[in-house]
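Trainee: Here you go, one structure.
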Amino acid sequence: DTAVSQTPKYLVTQMGNDKSIKCEQNLGHDTMYWYKQDSKKFLKIMFSYNNKELIINETVPNRFSPKSPDKAHLNLHINSLELGDSAVYFCASSLGLVFNEQFFGPGTRLTVL
Amino acid sequence: GDSVTQMEGPVTLSEEAFLTINCTYTATGYPSLFWYVQYPGEGLQLLLKATKADDKGSNKGFEATYRKETTSFHLEKGSVQVSDSAVYFCALGSGTNAGKSTFGDGTTLTVKP
C-alpha cells in the first residue's frame, strides 16, 4: 500500500488553465504539506495543514488554493497557470506538527506551456 | 529564523570512496535534525534522524551526529556505491516553529563505477 499518493504523476497544460493535484495519505497522520521543487532541486514549503486547519501559508500567490476535505486528503488547486508554475509538486505528511519526520509522495511534474 | 546550510554540489565520487556532506544549522530551541534522500524520479524519503544533542542517526551505512556545539549534522558514509547516487537534503524540525521543517538546498551525489 502506498503511504502518500498523488495524482496525476504528470500534468501538461496551457498557460491560463486551471488544474488540480490530489494527495491522499493512509498513515493516519494529522499534518499534511505541499512543497514545490524547482529545476535546481530547491524545495520550498507552500502550505501546511493540521487536522484540516491551515497552519502555514508561505508567500504563495493567491492562484494556489489548498483544500483539505479530511485529515487524509490535501488537494492543491491552481488557477490561471503561468510558465513559472512549472515544477515538481510534492505532498507530504507527518504524525504531528512538532519535530516529526515527513513522508513524501512521489511528486507531480507540472509543465505549463 | 531557522536555516540550514548544506555543502554545495554536485559531488562526484568513485565507488568505495568516503563521503562527507556538510550541514550546519541555525535554530531557536532544540530542533530535530534529518537527512532525506531523493533518488531520481522519486519523492524524498527519510535516511536518518537525530532528536537531541550527541545523538547519532544511522541507516544503510550512512551516519550523522547531532553536534550542538558546532550546530552541525554532517552526513558520512565509509564506502559509497553507484546506487547511492541521489540528491541529499539536510533538514531541521523546530518545536518553536510548529508545522514547518526547514530544508537545505540539497546536494547532488554521483557515484561512478
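Trainee: Within the stretch A:38-77, restricting attention to residues that are touching a Ser or Thr at 6+ places or on another chain (Cβ under 6 Å), facing chain B (nearest Cβ under 10 Å) and in contact (Cβ under 8 Å) with a residue 40 or more places away in the chain, which residue is surrounded by the fewest Cβ atoms within 10 Å (Cβ to Cβ)?
Mentor: A:ILE55
Trainee: Let me ask something else about it. For the stretch B:33-92, how many residues meet the condition of being loosely packed, with under 13 Cβ neighbours inside 10 Å and in contact with a helix residue (DSSP H, G or I) (Cβ under 9 Å, 6 or more places away or on another chain)?
Mentor: Residues flagged as loosely packed, with under 13 Cβ neighbours inside 10 Å and in contact with a helix residue (DSSP H, G or I) (Cβ under 9 Å, 6 or more places away or on another chain) within the stretch B:33-92 amount to 1.
Trainee: Among the numbered criteria (1) in contact with a Cys (Cβ under 9 Å, 6 or more places away or on another chain); (2) within 21 Å of A:ASP38 (Cα to Cα), which one does B:LEU75 miss?
Mentor: With (1) in contact with a Cys (Cβ under 9 Å, 6 or more places away or on another chain); (2) within 21 Å of A:ASP38 (Cα to Cα) applied to B:LEU75, the lone miss is (2).
Trainee: Any residue that is more than 10 Å from chain A (Cβ to nearest Cβ), surrounded by fewer than 17 Cβ atoms within 10 Å (Cβ to Cβ), assigned to a loop (DSSP other than H, G, I, E, B) and of a type in the set (Asp, Glu) - is there at least one of those in the stretch B:9-23?
Mentor: Looking for residues that are more than 10 Å from chain A (Cβ to nearest Cβ), surrounded by fewer than 17 Cβ atoms within 10 Å (Cβ to Cβ), assigned to a loop (DSSP other than H, G, I, E, B) and of a type in the set (Asp, Glu), one finds at least one in the stretch B:9-23, hence yes.
Trainee: Which numbered condition trips up A:ASP18, out of (1) modelled with pLDDT under 90; (2) surrounded by fewer than 20 Cβ atoms within 10 Å (Cβ to Cβ)?
Mentor: (1)
Trainee: Of all residues being assigned to a loop (DSSP other than H, G, I, E, B) and β-branched (Val, Ile, Thr) in the stretch B:53-75, which is nearest to B:GLY93 (Cα to Cα)? Just the residue, please.
Mentor: Ranking the qualifying residues of the stretch B:53-75, first place goes to B:THR71.
Trainee: How about the stretch A:85-107: which of its residues are facing chain B (nearest Cβ under 7 Å) and at pLDDT below 95?
Mentor: Across the stretch A:85-107, the qualifying residues are A:LEU97, A:VAL98, A:PHE99, A:ASN100, A:GLU101, A:GLN102.
Trainee: Test of understanding: among A:GLU101, A:GLU82, which residue is among the acidic types (Asp, Glu), in contact (Cβ under 8 Å) with a residue 60 or more places away in the chain and at negative phi?
Mentor: A:GLU82
Trainee: Next up: Looking only at the stretch B:36-62, filter to residues that are of a type in the set (S, T, N, Q) and within 14 Å of another protein chain (Cβ to nearest Cβ); which one of those is farthest from the chain's Cα centre (by Cα)?
Mentor: Among residues in the stretch B:36-62 that are of a type in the set (S, T, N, Q) and within 14 Å of another protein chain (Cβ to nearest Cβ), the one farthest from the chain's Cα centre (by Cα) is B:THR51.
Trainee: Are any residues in the stretch B:24-35 modelled with pLDDT of 95 or more and within 8 Å of another protein chain (Cβ to nearest Cβ), and if so, which ones?
Mentor: Once the filter is applied, which keeps residues that are modelled with pLDDT of 95 or more and within 8 Å of another protein chain (Cβ to nearest Cβ), the stretch B:24-35 yields only B:PHE34.
Trainee: Take the residues in the stretch B:76-112 that are of a type in the set (A, V, I, L, M, F, W, C) and part of a loop (DSSP other than H, G, I, E, B); name whichever of them is nearest to the other protein chains (Cβ to nearest Cβ).
Mentor: Selected residue: B:ALA98.
Trainee: Taking the condition more than 21 Å from B:LEU46 (Cα to Cα), of a type in the set (A, V, I, L, M) and in a loop (DSSP other than H, G, I, E, B), does A:LEU81 pass?
Mentor: yes
Trainee: Taking the condition of being assigned to a strand (DSSP E or B) and within 21 Å of A:VAL98 (Cβ to Cβ), how many residues in the stretch B:24-52 meet it?
Mentor: The number of residues fulfilling the criteria is 14.
The values are calculated or read from the model by the stated rules, or taken from the named source; none is laboratory data. Owing to the predicted nature of the structure, the values given are computational and were not obtained by experimental measurement. Cβ: placed from backbone, ideal geometry, glycine included. Neighbour counts: every protein chain shown.
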